[in-house]
Amino acid sequence: MDYIKWSQEYVNEARKILRIIDRKKALLKRSTPDERHVINAQIIKLRNIYYDNMLTAKHLRQRAKELLDAA
């Protein structure tokens, strides 16, 4: 397994999620209070996914380093 490549895929997905979050934040400026509530809930979920992706990427990089150090 190529843990570095796998890690980078998670980072790339996290970046995509950040772009979605930015678009949602832009929507907040022109939305009603009810829409803001829904959009904020979506942003919270997306941030959790972002942090999970980044944490997974970090663990995969660490695993790759461990394998290289053991070799």
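The numbers here are math on the coordinates, done by the rules we state, and not lab data. Please read all numbers here as calculations on a predicted model, not as lab measurements. Note that we place each Cβ from the backbone using ideal geometry, even for glycine, and neighbour counts take in every protein chain shown.
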Can you work out the FRET efficiency for the pair residue 48 and residue 13, with r the C-beta to C-beta distance and R0 = 22 Å, to the nearest 0.05?
0.95
Filter the trypsin sites (Lys or Arg not before Pro) in the stretch 1-55 to those in DSSP coil with at most 15 other Cβ atoms within 10 Å of their Cβ, and list the result.
29, 30
Candidate lysines for bridging to residue 25, where Cα separation is under 27 Å - those fewer than 8 sequence places away on the same chain excluded
16, 45, 58
